[in-house]
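One structure is given here, and the rest of the page talks about it.
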Amino acid sequence: MTAPLLDIRDLRISFQARDGSWADALCGIDLSLEPGKVLGIVGESGSGKSIAMMAFLQLLPRGTRVQGSAKFKGQELIGMPASRIQRIRGKAIGCIFQDPLSAFNPVKTLGQQVVEAIRLHDRSISKRAALKEAERLFELVAIPQPERRVRQYPHEFSGGMRQRAMIAMALANKPDLLIADEPTTALDVTVQAQILDLLGDLRAELGIGMVLITHDLGVVAGIADEIAVMYGGSVVERGPTDPIFYETSHPYTAGLIGAVPTLDGTGALKQIEGTPPSIFSRPDGCAFHPRCGRAGDACRVQTPRLEPHGGTACACHFPLTTLREPVPS
Ligand code: SF4
């Protein structure tokens, strides 16, 4: 069996309120990713999907309490000294952010920024050689005329091309793991499809493992090998992609699937009524119970545990497939 590229165990993140009390933003999650595979992490804003990744990259504000374990290629990242994590971040682990316009420095050319990313981790590479490498990376991510485009500034690129440049920069140091946090949210639908195709091609070509974070199940459908659905700081359903879509057990996952627009535009979009809970006022029992049409008495007092159910693992007292109900469409 292949050793996991990323292995997260009982990861718990807490923030301190003004009154000194602590609130869990992440309630002890387990996730793992094998080399060359894609893990999709899906959930609404505030579900905890991004902070899980920010925690082990040590990008959370000082004073945040992080407990549990996150191993990358067998190395424990939680508590790793800053000087060591800096050598991993941007090198063995590349990151793609949602909004490349704000992630790039507006007063430097994109080529200069890729050169900096390369030389930050290897000063033995000359600026000229690093710029050549930037051109090669631009070509790899299908940016036309790379020799000319590396000399341009971020504002001279369209949104889709900027995201391609961001991907090129994330690939600059040949990472084993790419973390893409809402990489297509700021893009229109056709460009979104192109970027997802590109990520899929790069995974196949370079064998990189990927964590793809998104609020949209439709984004991960065609690219992820496994999906973890998060709600209220917990993983509520996890499993291979097909069972998540075709043997859905958790009512929240079913709600997210119902909210994905269909290609032919037929049928009204279903919304999940209500809003996600704040970490400072999370309901007792199942955090989803105020929004769940299936909630029973047990749901209000007992927190469900993630357990195997059908083709997935699901944290629900009354999972959908128990009653062999069709997944809401
Ligand atoms: Fe709904 Fe209860 Fe399942 Fe939570 S545990 S999702 S409230 S049925």
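What follows draws every value from the coordinates through simple rules; no lab data is involved. Keep in mind that what you see is a predicted model, and the values were worked out from it rather than measured. Neighbour counts are summed over all protein chains in view; Cβ atoms, including those assigned to glycine, are modelled from backbone coordinates with ideal geometry.
Loop sites only, by DSSP: take the trypsin sites (Lys or Arg not before Pro) in the chain that have at most 11 other C-beta atoms within 10 Å and name the longest stretch containing none of them.
124-304
Give the calculated FRET efficiency between ARG84 and ARG9 to the nearest 0.05, with a Förster radius of 35 Å applied to their Cβ-Cβ distance.
Rounded to the nearest 0.05, the efficiency is 0.95.
Given a Förster distance of 25 Å, report the FRET efficiency between GLN75 and GLU116 from their Cβ-Cβ distance, rounded to the nearest 0.05.
It comes out at approximately 0.50.
Can you figure out the FRET efficiency of ASP284 with ASP201, using R₀ = 51 Å and their beta-carbon distance, to the nearest 0.05?
Working from the Cβ atoms, E equals 0.65.
Tell me the label-point distance for the pair ALA298, LEU101, using the 7 Å Cα-to-Cβ offset, in nm and rounded to one decimal.
A separation of 5.0 nm, rounded to one decimal place.
Using 0.36 nm per residue of separation minus the Cα-Cα distance, give me the extension gain between THR185 and ARG123 in nm, one decimal.
Length gained, THR185 through ARG123: 18.9 nm.
Cα-Cα over 26 Å: which of LYS132/LYS174; LYS73/LYS108; LYS37/LYS132; LYS73/LYS132?
As for pairs spanning more than 26 Å Cα to Cα, those are LYS73/LYS108; LYS37/LYS132; LYS73/LYS132.
Once each part is reduced to its C-alpha centroid, what is the distance from the stretch 44-113 to the stretch 135-209 in angstrom?
Computed from Cα coordinates, the inter-centre distance equals 18 Å.
List residues of the stretch 101-120, by number, whose backbone nitrogen lies under 17 Å from a label position 7 Å along Cα→C-beta of GLN152.
Taking a point 7 Å out along Cα→Cβ of GLN152, the residues of the stretch 101-120 whose backbone N falls under 17 Å are 101-102, 104-114.
What is the sum of charges, Lys and Arg at +1 and Asp and Glu at -1, for the other residues whose Cβ falls under 13 Å from the Cβ of ILE279?
Counting the neighbours of ILE279, the net charge comes to +2.
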